[in-house]
Structures are given as structure tokens and as C-alpha cells.
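S.K.: Okay, handing you the structure first.
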Amino acid sequence: MAQQKQWWLNEPIRIIEFPDKFNDYAKKVQTLKKLGGNAEHLLNYAFKRGKSEQLETFHEPGEHYLEVDAVSLKKYLEHTRKQKTRVIVYYNVHAENKKYIDLMPGWVQRKEDGTAIDNLYGLNTSFCVNSPWRDRVFKIVGDLASCGVDGIFFDGPIFVTNTCYCAACKTAFQKKYGYELPSKTKLVSQRENPQWYDLVEFQSESISSFLAESNRQIKKVNPDTLLYMNGNTLSPDWPTGRNNRKVIEVTDVLGAEGGFLYGELRESIYKPGATAKWVNGLANGKPSVVFCAAGHKPWNFSTLPAGEISILYSQTITHQANVWLAYSDDPWCYQDEVKVLQKYNAFIKKYPELFMNTVSLASVALVWPAQTGNYYTGSEIPLTDFTKEMKSEKAGNVLEEFYGLYAILARNHVPFDVIDEKTLENTDPKYKLVVFPNVACMSKKMVDGVKKFVFSGGNIMSSFETSLYDEKGKKLENLQLSDVMGVENVSTPFGPLNWDFIYAADPGHYSVKGLVKRNYIVSTIHGLNITARKNAVVPIKYFDPLVGRYAGSPKKSEKPFLIENKYGNGRSIFFAGTIGHAVARFNFPDFYRIAGNALKPLAGVGVKLTNAPSSIEITARKNKESGDVYAYFVNLTSESKRPIEQIVPVHDVGVELKIDKKVKNVTALWASKKIKFTQKGSTVKFVLPKIEEYEVVKLEGK
Ligand SMILES: [Zn+2]
């Protein structure tokens, strides 16, 4: 008999977390259904002492380790099963009440001086995955599975940034590596030290082993109970020990907080989509999810306006991650926002085939350099609920470089995937172009993989110190990809160039199309001293830096800014500067144009939009079963401010799409409209009369 698929593999999950009293079962499930969800994060469970029939309503960190009252949970699950909704228990495994520092001294995470963590979120402590607390968790998750819950969500587990030096960690490290657990705060500024590598590995292995054992206990009871955790965001994983590649090996769904928006909303507008692309790629066939908060953080009881909710959902689902939205206040207080949520959830429910079992048709991949984040000192950690912001103004900030190049691709209407460095070892030949946002740290295996890829006809576009370090953060004599890039004599980076310029040295070159009449093109803030090899082309060079912004006209230098080179059958475009950073920070239009000009001939893009603003992001995917092609349009067009209150519709967008079969029907599913089209050979052309906040166009084959 064929084994039935686990439930989370059968349809897209639409998870909602909302504060509701657990004592009114019917109302709670009704709310979930009205919002369009099919699964809830159950916050208000309590495995508590005593014989009460009611489950206690609490969400206080630390309380979950009390005894189980399975009776009422089972009753609730009987009810949800009848209503066909799923219940995933929220299990806080990272923030605990401070009283446990005294009650359970052997469980808490400790700093290097031996003192316990007592200021997580200002008021909590945290238990350590290597301490005897783990046995407690393994028992509880087994008990929860026995009750029949559909899944368990771990919030955490994490190492707090400056931990952990508890007895269990010290012993385990010594045993594994044969020397004393080294200082994290000291090594963080000496990342080329091999002990840093050991420490980062040790912590991510510790988390992974905790997850693996938890999942074993759960699956022993019921293989149909889901386990997943709050995984790492697009940021280095050393501060918390969450390494998503390891996490997904031992859990069922890979998730990250791509939709937690903070403060001035100065993070990239593409954060939810970038996170979805990344976790979906890493999950390697398993499902993924993007965690989105309705609240504008850190104002926990606020709710983001409808436009922001829309782009959280449209970006998440387009890149095939499941949706998860958390309310901290009563959703019904926000009618406009609820309507958006209901609209998206209904759309996912109606067309599940758009959001699972599809393959990307992108011919371009952008690398998220996770390893570089850990072992390269130019990196920065963004603000999340788990990490305090640590700004570094050093050259080569990887996060900004990534988001700048992300924006360049998206705003030039280039569909693309996000891959991690590990993928480079065997670069998928379906990609015509791979983009490297200052991917500084690369192993020999990755370098060999990239060389092979380019030699056999692939193309790369890279920036700044890409490949100048080994995978452990050791700076090398030369860029490892220098043959591919056509460069030599690499020396130090220069800058900051606070008011400086570059110029078109070859005005006929395609990269400066539309810019040839400019005397001055604004420069990146940092550059890399490097020489181009004889056969390489240098269409753009740096001016000499000015002493001050009014210090006269700059002199032309011979320093290359853009170097184009042929390698085997492929080509490289190398920016000897931090172009992604310049776009992420300043949105210089010239850089969108230069990079767009440079990449388009290399990217083999199968889609062309006309009359569309750069705020429309286009993605193309194909259903694995039906072979139907879907074109997804995420509309980010707004009223020029964030938070975005409403998305502004876009009209009469021309679409040209390459497709490998005869098309029978073209339908705009969000608008529920048949679309007139023409097909000549492999090119299908049509005009979309109106793109509201979102659209998916289905191209049905004959
Ligand atoms: Zn520990």
C-alpha cells in the first residue's frame, strides 16, 4: 500500500496566530476559518499541573515546562478535526522566566564570566540546548504528539549572541575538539582564527542535534506530527547558531522571519520575497514558510496597513513559501487589513497548484553568501527578535550588497532565484547568469564549480571582494576567480569615496548605454585596487578622489570599475566596487542602468515587460504535473511612503514570454479574466489591462 503523504505536503498551509481565549473552542476555530487560515499556532496551550478541565491561557515564557493536562487539549483537537483545521502548538524554547536562573541553575545559558543570561528582551533568561533541559523538552514533545496535535513549532532554540559557557557546553566542546571552549566575544573580531570556525560549527551542531532528537521523539509517537522551528533570517548564523541547511535536514518545514518589519522600515522592501526564495531553495523539496507579523515592530499591538500586509503575502506565496501571519491584537479591529488577508488566503485555497509542485523558470540566480556572513568581517547583522542590531560600517557589507543586487534584478524585470554558496559546487546549468554580491569567502570546491560553470558557457556578475577569502575567512593573495574575471594584482580596498565619480572609458560599450553623455557618474563608496588583464575590457573607470566635494573637477584615473572578461564559453562582469551597497543605500539610477545593461545580454531572460514600472516584480514558474506556466506579478507600487497603506494598480502592461509549447488559454486568475494573446513560435504576447495588488497569469498548454 502506498504510504500517504504527511499532511503538510498535501496543500499549501495558511497558518494564523492570533490572541484568543482557549476556552471558547467554537469561536476560536470560527475566527481562524473566517480569516481564511487552515492551521493555527496555538499559543494558549498549557501542560499544567492539577486536574482542571480547562487549559490555562498563558504565553509566559518559561511556564511551558509545567505538567501536562492532556484532557482538554484532546477535546479541543476532537473539535478542530471535525472542523478540518490543523493545530500547531507554539512551544517557546528560547525565552524563559528569570526565576529559573535560581530554580534550574544547570539549565540556563551562561556568559563567558559564568553569569546567567538575564536580559533577553530585557527581562528573560534562556535555557541551553546542551543542558539536561533537553530531556525535559523531548518528553514534552512526545506527550504533545500523543495528544494528537498536528504539529509543534519551536520558537528558538537559539544561542544568545554572547553565550553559551554552561557546564554542558564546556564539557561537550572539550570532548569534541580537544581544547577548552574559546571566547566568542574575542573571536568575533578574529574570524580567520580556526577556533572561530570550530565554535560556530559546535553551536550549529548543538542546535541541530537538539532538533533531531526532538523530531525523533515526535515521529516515534506519530509520523504525521510536524516539527519546525523559527529558522535563521538572511543574516549570519553565528549569533544564534541557527544554520538553516542543518535545520531542514532534521525538521519538516523550513521557516524564517522574512516578514517581521521594524522601526523606520528601512530594510529592503524585498525582504519577504528574498527570504521566501532563499528558504524555498534550501528546503530542497520540503515545504518552506515565511513568518510575517501583522504588527509594526517593536510596537507589538499595532497592525501594519493593508498595503504592507499585501506585499508580505504576495512576495511570500509567489516564491512558494507557505504563509504564516501573527496578530497580537484582535484582527477584527482592522477591517481593511483583514480583507486583504482573506483575499490572499481564499486565492491560495482556490488555486493551490500555483503555490506548490512548481519549478522556477528563472535563468538567473543570486547568491546569498551565508558563509561569508559568518567568516568575513565586513558583514552586518540585521535586527531580529533574537539579535540586537550590530552595525558595521566596514566596506563590503554583505547584506546591503545582496539587497542592492536583488533590487537591480527585480527592478530590471529579471526573474531570478536565490541560492546559497554550497549550491555553487555544482551550479545548475539551467542558470545562464549567477550573481555574486561580494561573496568574499569561497572554498576551493565552490571556486572549481564556478570555473566549470563559466567555462562551459555560464556567465557571472560579481562585486568587490568576491572570492578573495577562503571558506574559513582567511584572506588570500589573489581573487580565486581572477582567471574568470580577467583581473590581477589585487591589493587593498579604497574609500570611502564620499563625493566621487566614475566615468565611461569606452562610451560605445553596452553597459553605459543611455549614460554616454554623462561627464560624471556617481561612484560606489568603496572600490578595490586591481588591474585588468590584457584581454579583458574595461568600459568604466574611477576618477581620482577629490579632497572635498567642492575641490574642483576630478582627474581621470586608470583604475577599473567594471571589467568584462571571456572565460571559455562564458563571460564575467566584475564590479571592482560595492555597487550593491550603493543601490541599497542611495538607489542611484545610473547603477540600475549600468548593471541592467551589463547583465541583460548574459541573463537569457525569457520574459519582457513593457509599460511596467520597476515596482512590478515578475516571476515565472511551471507546474510539474500539468506543465502549465504561471507568470506572477507582485505589485509594489505605492504612494511613495512606508508603511504602504495601499497598493496603486498598474494598467496596460505588455508581457512577452518565451514558452516551449503551444498555448491554448491565457487567464489572469486574480482578476478572473481571460486575456487575448498571440503566439509566434515560442513567444507569447499579451497585454494585462490592470494589475491590482497581485496577479498570476496562467498559460495553459494545448
Ligand atoms: Zn550551554
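Values in this text are rule-based calculations from the coordinates and carry no lab data. Remember, predicted model here, so these are calculated numbers, not experimental data. Using ideal geometry, Cβ is built from the backbone for each residue, glycine included, and neighbour counts are taken over all protein chains shown.
S.K.: With everything on Cα atoms, drop me the angle between helix 589-603 and the longest principal axis of the chain, reported from 0 to 90° to the nearest 10.
M.R.: Its long axis makes an angle of about 90 degrees.
S.K.: Using only Cα atoms, find the angle between the long axis of helix 335-350 and the longest principal axis of the chain, and express it within 0 to 90 degrees, rounded to the nearest 10.
M.R.: Around 90 degrees separate the two axes.
S.K.: Once the piece of chain linking S302 and V687 is laid out straight, how much longer is it, given 0.36 nm per residue of separation minus the C-alpha distance between them?
M.R.: This chain segment gains 134.7 nm when fully extended.
S.K.: For an R0 of 51 angstrom, estimate the FRET efficiency from the Cβ-Cβ distance between K674 and V221 and round to the nearest 0.05.
M.R.: Once the sixth-power term is evaluated, E becomes 0.55.
S.K.: Further, regarding this structure: Can you check how the C-alpha radius of gyration of region 607-701 compares to 2.2 N^0.38 Å, as a plain ratio?
M.R.: This ratio for region 607-701 stands at 1.10.
S.K.: Right, next: Tell me the angle of helix 25-35 to the major Cα principal axis of the chain, expressed in degrees between 0 and 90 and rounded to the nearest ten.
M.R.: 20
S.K.: Calculate the length of the line joining the C-alpha centroid of region 463-486 to that of region 233-309, in whole Å.
M.R.: Value for the Cα centre distance between the two parts: 30 Å.
S.K.: Taking a quarter of the surface of the convex hull around the Cα atoms of region 364-601, what do you get in nm²?
M.R.: The Cα convex hull of region 364-601, projected and averaged over all directions, gives 12.7 nm².
S.K.: Using 0.36 nm per residue of separation minus the Cα-Cα distance, give me the extension gain between K517 and K170 in nm, one decimal.
M.R.: Values: separation 347, 0.36 × 347 = 124.92 nm, distance 6.37 nm.
Length gained, K517 through K170: 118.5 nm.
S.K.: What is the magnitude of the charge dipole of region 364-601 about its Cα centre, with +1 placed on the Cβ of each Lys and Arg, -1 on the Cβ of each Asp and Glu, and no other charges, expressed in debye to the nearest 20? Kindly include the intermediate steps, with their values, before the conclusion.
M.R.: Values: 29 positive and 24 negative charges, 143 e Å.
Roughly 680 debye for region 364-601.
S.K.: Treating the beta-carbon of each Lys and Arg as +1 and of each Asp and Glu as -1, no other charges, what is the dipole magnitude of the chain about its Cα centre, to the nearest 20 debye?
M.R.: Dipole of the chain, to the nearest 20 debye: 2100 debye.
S.K.: Where does each of T275, T185 land when they are ranked from fewest to most other beta-carbon atoms within 10 angstrom?
M.R.: Fewest to most other Cβ atoms nearby, the residues stand as T185, T275.
S.K.: If packing is taken as the mean number of other Cβ atoms within 10 Å per residue, what is the order of 293-303, 399-409, highest first?
M.R.: 399-409, 293-303
S.K.: Between N569 and K608, what FRET efficiency comes out of the Förster formula 1/(1 + (r/R0)^6) with R0 = 22 Å and r the beta carbon distance, rounded to 0.05? Kindly include the intermediate steps, with their values, before the conclusion.
M.R.: On the way: r = 25 Å, r/R0 = 1.13.
Efficiency for this residue pair is about 0.35.
S.K.: Further question: Determine, for each peptide in 140-147, 475-482, the mean count of other beta carbons within 10 angstrom over its residues, then list the peptides with the highest first.
M.R.: Details: 140-147: 20.9, 475-482: 17.1.
Output ranking for 140-147, 475-482: 140-147, 475-482.
S.K.: Within region 282-383, what is the number of lysine pairs with alpha carbons under 28 Å apart, leaving out pairs fewer than eight places apart on the same chain?
M.R.: 7
S.K.: What aspartates and glutamates could a cross-link reach from K555, if we take a straight Cα to Cα line under 17 Å and drop same-chain neighbours fewer than 8 places away?
M.R.: Candidates past the 8-residue exclusion: D500, D506, D544.
S.K.: Say the cut-off is 23 Å between C-alpha atoms; which of K28/K84; K608/K662; K170/K220 go over it? Don't skip to the end; give the middle numbers.
M.R.: Numbers: K28/K84 13 Å; K608/K662 19 Å; K170/K220 31 Å.
Over 23 Å apart, Cα to Cα: K170/K220.
S.K.: Additional query: Quote the charge dipole size of region 607-701 about the Cα centre in Debye, to the nearest 20; the model charges only the Cβ of Lys and Arg (+1) and of Asp and Glu (-1).
M.R.: Here region 607-701 has a charge dipole of around 500 debye.
S.K.: What ranking, highest mean first, results for peptides 164-173, 630-639, 683-692 when packing means the other Cβ atoms within 10 Å averaged over each residue?
M.R.: Top to bottom by mean Cβ count within 10 Å: 630-639, 164-173, 683-692.
S.K.: So, one more: Report the gain in length on full extension from S557 to D330: 0.36 nm times residue separation, minus Cα-Cα distance, nm rounded to one decimal. Can you show the working numbers first?
M.R.: Values: separation 227, 0.36 × 227 = 81.72 nm, distance 6.14 nm.
Roughly 75.6 nm would be gained on extension.
S.K.: Same structure again: Based on a Kirkwood Rh over C-alpha pairs, give the Stokes-Einstein translational diffusion coefficient of region 406-519 at 37 °C and viscosity 0.692 mPa s in µm²/s. Show your work: numbers first, answer last.
M.R.: On the way: Rh = 16.0 Å.
Using the Kirkwood radius from Cα pairs, D works out to 205 µm²/s.
S.K.: For region 278-364, what does the equivalent ellipsoid look like in terms of its semi-axes, each the square root of 5 times an eigenvalue of the Cα gyration tensor, given largest first in whole Å?
M.R.: The equivalent ellipsoid of region 278-364 has semi-axes of 26, 15, 10 Å.
S.K.: Ok, one more. Kirkwood hydrodynamic radius (Cα pairs, Å) of the chain?
M.R.: Roughly 26.6 Å, rounded to one decimal.
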